[in-house]
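Trainee: Structure below; questions to follow.
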Amino acid sequence: MNTFRPAIGLLSCRILACLILLWIAAATAGVVEMDRILVTVSDLDRTEALYRDGLGFETVGRREMAGDGFAHLVGLRDGRARTLTMRLGQDEVTFVEYDRAGKPYPADSKSPDLWFQHFAIVVSDMDKAYAALRRVGFTPISDAGPVTLPPANGFVKAFKFRDPDGHPLELLYFPPGQGRSVWAGHSDKLFLGVDHSAIGVADTERSEAFYEKLLGMSVAYEGVNRGPTQESLDGTFGAVVRITGLRPPSEYGPGVELLEYRTPATGRPAPVDTQSNDLVLVTLDFSVDDLDGMVAKLRQTHTPFISPDAVDLGDGREALVRDPDGHAILLEQMRR
């Protein structure tokens, strides 16, 4: 029996080496950039009209989504949907209308609610952009039109509103010298692109651990906003909000902004039974340099999955998970 011990020892070393390589791959896997934002809607034609006529988006194309792979990815038996992809500048948003509609956007939603998630559309002239938006109609969140934030916030102008399904959106104007350099020098265009998606969080440190340590993003800015201007912008009396902006490694594409409302402390958690066809669902789509390594890393930290695992869709592999507050994150293998 002693003759088998060297072989067994060699086999054990090989297994250990494979485990170490898998651990290294999982530890170093990370997102590269945010490819797009996906928004669940009830009517693609109505959505297209608003974003085209009021916000300057251009239609890229439509697509049918069906089959076992898609159903497993979104966690819906017999899941079928139609999609509309639109582009603003270099940034894309895909709107998804499911054959079987889910729940409507939660009634009486407020900015501190943890399902809150908007994306910020950068404009070169706030007054002209607001006038264009008014021509197509909207539901305001901000109390009295666009506001100019205090000097500590760089005199940035902002305005929050809702699309026909209830999704929050923001118009954002950066004065010269403010914001990312990608927004400079485009005064010939009114609507420029998508700067970030802002999400409601209960605990900034917990969310930072997810987006920074697990996904590999970096903190780009942070601060606390308060006062009458913030109250007017959010339509929320007594608003005090801790803001943390994170960026993926790529300089292109949107970032993520964490919004932790210190007051009022009345934000409701996201419904635990939220499904992909519910209108509240907005998904951030990230390219990943190593999808298998990322999935392994997320499994180790007990991240909730919507898809059972990485799913083969024919033209790529993707996995759908949730962040600590229930926001949906789509991870897809980066195309080389």
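Trainee: Out of the residues in region 89-121 that are hydroxyl-bearing (Ser, Thr, Tyr) and out of contact with any helix residue (DSSP H, G or I) (no Cβ under 8 Å at 6 or more places or on another chain), state the one that is nearest to PHE70 (Cα to Cα).
Mentor: Step one: of region 89-121, the residues hydroxyl-bearing (Ser, Thr, Tyr) are 94, 98, 105, 109, 111.
This time we only want the ones that are out of contact with any helix residue (DSSP H, G or I) (no Cβ under 8 Å at 6 or more places or on another chain), so: 94, 98, 105, 109.
Working: THR94: 15, TYR98: 12, TYR105: 23, SER109: 30 Å.
Only one residue fits best here, namely TYR98.
Trainee: Something else now. Let me confirm something: among LEU233, LEU298, which residue is in a helix (DSSP H, G or I) and in contact with a Lys or Arg (Cβ under 8 Å, 6 or more places away or on another chain)?
Mentor: So the residue among LEU233, LEU298 that is in a helix (DSSP H, G or I) and in contact with a Lys or Arg (Cβ under 8 Å, 6 or more places away or on another chain) is LEU233.
Trainee: Further, regarding this structure: Would you check if there is a residue in region 157-173 being at positive phi and in contact with a Ser or Thr (Cβ under 9 Å, 6 or more places away or on another chain)?
Mentor: Yes, region 157-173 contains a residue that is at positive phi and in contact with a Ser or Thr (Cβ under 9 Å, 6 or more places away or on another chain).
Trainee: Looking at the structure I just gave you, is GLY75 open to solvent by less than 70 Å² (accessible area, probe 1.4 Å), within 21 Å of GLN333 (Cβ to Cβ), small (Gly, Ala, Ser) and at pLDDT 95 or above?
Mentor: Spelling it out, GLY75 is indeed open to solvent by less than 70 Å² (accessible area, probe 1.4 Å), within 21 Å of GLN333 (Cβ to Cβ), small (Gly, Ala, Ser) and at pLDDT 95 or above.
Trainee: Working only within region 272-304, note down all residues that are buried (at least 21 other Cβ atoms within 10 Å of the Cβ) and either more than 29 Å from HIS167 (Cβ to Cβ) or aromatic (Phe, Trp, Tyr) (or both).
Mentor: Within region 272-304, PHE286, LYS297 qualify.
Trainee: Considering each residue of region 130-144, count those that are free of Cβ contacts under 8 Å to residues at least 40 places away in the same chain and hydroxyl-bearing (Ser, Thr, Tyr), and give that number.
Mentor: Of the residues in that region, 1 qualify.
Trainee: So in region 309-336, with the set limited to residues that are part of a loop (DSSP other than H, G, I, E, B) and in contact with a helix residue (DSSP H, G or I) (Cβ under 6 Å, 6 or more places away or on another chain), which one is least open to solvent (accessible area, probe 1.4 Å)?
Mentor: Taking the candidates together, the pick is ASP323.
Trainee: Does THR244 fit the bill of being open to solvent by less than 10 Å² (accessible area, probe 1.4 Å) and outside any loop (DSSP other than H, G, I, E, B)?
Mentor: Details: open to solvent by less than 10 Å² (accessible area, probe 1.4 Å): yes; outside any loop (DSSP other than H, G, I, E, B): yes.
Yes: the conditions hold for THR244.
The values are calculated or read from the model by the stated rules, or taken from the named source; none is laboratory data. Just so it is clear, the model here is predicted, and its values are computed rather than measured. Don't worry about glycine lacking a Cβ; one is built from the backbone with ideal geometry, like all the others, and counts go over all protein chains shown. For the accessible areas, the whole protein counts, side chains as well, though only heavy atoms, and no ligand, DNA or RNA atoms are used. Shrake-Rupley method; radii C 1.70, N 1.55, O 1.52, S 1.80 Å.
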